[in-house]
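These notes concern the structure reproduced below.
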Amino acid sequence: MEPTTRGQRWSARGALAAAAAAVLVLGVFAGLRTFALLGVGLAGLAVTAAALWWVLTRRSVWRLLALVLAVAAPVWIVVAYSRAHLAWVVAVAGALLLVAVGAGRSALVGADGPARTPEHPAPPVRHPVLIMNPRSGGGKVERFGLREKAEALGAQVLLLEGPGETDVAELARKAAAEGADLLGVAGGDGTQALVADVAASLGIPFLVVPAGTRNHFALDLGLDRDDPAKALDALTDGVLLRVDLGRAADHPFVNNVSFGAYAEVVQSPSYRDGKTRTTMELLPDLLIGHRGARLAARADETAFAEPQALLVSNNPYGTGDIAGLGRRSRLDGGELGVVGVDVTSAAQAAGLLRGRRATGLTRVTAREVVVDADRELIPVGVDGEALNLRVPVRCEARPGALRVLVPRHRPGMRRPLPRLDWARIARLALPSAGGRARSAESGG
């Protein structure tokens, strides 16, 4: 039995006790009606998932009716439980299950949860250069006084101003040629990736200032997205992380590359002005197969045949939701995460409730992904930027290619949550019983 702490053992015991109490509450107060409760709940969830699929694949009055059904199904569940005078039973059992899951994850975090990315001493930085986009994130550079704070710390700031587009990568290379020993960006993920690629190629540290709209890369580095200025603390009290950098064809990415339905949507000229409206208008034709390129992909030994959407990420996303698109527990795993979606009916949409076992969802990891299609050029979203790339598009991970300077103290630092494993929790809760069982097996 691997070493465990008393806290882990008691968390595991608490998890088992809470789960048993939830079952007991249902058994005592609902009796045989427990099965009816489960049936109503599962049926309502399946109807909701199917209705949401119809919302995405229908237009006009049919979309409106599907939306009504998506709202009505959960209401029907609550009404059914209330009429049976069992709503409180379900609430108590649900609360106990939440406690069980929380305690179970707490027990596993120290036992077999993945470790954090190792931190290394920060190198001396004498001439940091930060590229800032004043328009990014609705004007965060000015709102948080990023330029003034960076210059007060001795950094040179280059603003992306003026009419027309600036070649950000070339600007970064010029700064390095003039003596910059650190390159940083205050902007969105697309700009971050361009400068990160230059920093990686030159072997100099990179600094992330989350001044964009979403800043997924900064989130997974543990940075404070609500106060971008705190990222500048890395210049005075920082540590170095060695993380991976992705590449799709000749384009670097720090987060992900999307193919299929989403990539088709972001190509629309109207997308920037009305994202929700444009998405809802284009998705029906894309999802039911009337429009868009027919994709074929291979992730190492796994083949994807005509997925509607394919997402390739710089390290896999977590497993806390249906598609597994949450936070990345680490950025130094040296592999790509691959998620393929192939849903063509309401039944398959309802089947997504099965999570990792859903037939319409494929999740794997790979060192290389090759995407082909039935046309020469396909739309691709690289860290949210709309591009058209020639097939086949080869995506690869570059392990440890990027040296990122981050503040020593980061609010987003947390130990990644492990996958819930009840057999493992039981062994932690009853270590002596597990040891006796293994002794009996070896002696037999």
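FYI, it's all coordinate maths here, none of it is from the lab. Predicted model, so just to flag it, every value in this text is computed and none were measured. Neighbour counts run over all protein chains shown; Cβ positions are idealised from the backbone, glycine included.
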Self-check item: Filter result for G246 (buried (at least 23 other Cβ atoms within 10 Å of the Cβ), touching a helix residue (DSSP H, G or I) at 6+ places or on another chain (Cβ under 8 Å) and part of a strand (DSSP E or B))
Solution: no
Exercise. Search the stretch 207-238 for residues being in contact with a Pro (Cβ under 7 Å, 6 or more places away or on another chain) and basic (K, R), and hand back the single one that is nearest to P121 (Cα to Cα).
Key: K230
Quiz item: Between a first residue in the stretch 34-60 that is farther than 28 Å from V89 by Cα and a second residue that is of a type in the set (D, E), which pairs have beta carbons less than 6 Å apart while being 6 or more apart in sequence or on different chains?
Solution: none
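Every residue, every condition in (1) loosely packed, with under 14 Cβ neighbours inside 10 Å; (2) over 29 Å from the mean Cα position of the chain (by Cα), yes or no:
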site	(1), (2)
V61	yes, yes
L67	no, no
V75	yes, yes
A87	no, yes
A91	yes, yes
L97	no, no
Exercise. Those residues that are in contact (Cβ under 8 Å) with a residue 60 or more places away in the chain and part of a loop (DSSP other than H, G, I, E, B), I need them from the stretch 133-175; list them, please.
Key: N133, F144, G145, L153, G154, A155
Quiz item: Somewhere in the stretch 105-115, is a residue out of contact with any Pro (no Cβ under 7 Å at 6 or more places or on another chain), under 30 Å from A17 (Cα atoms), surrounded by 15 or more Cβ atoms within 10 Å (Cβ to Cβ) and of a type in the set (S, T, N, Q)?
Solution: yes
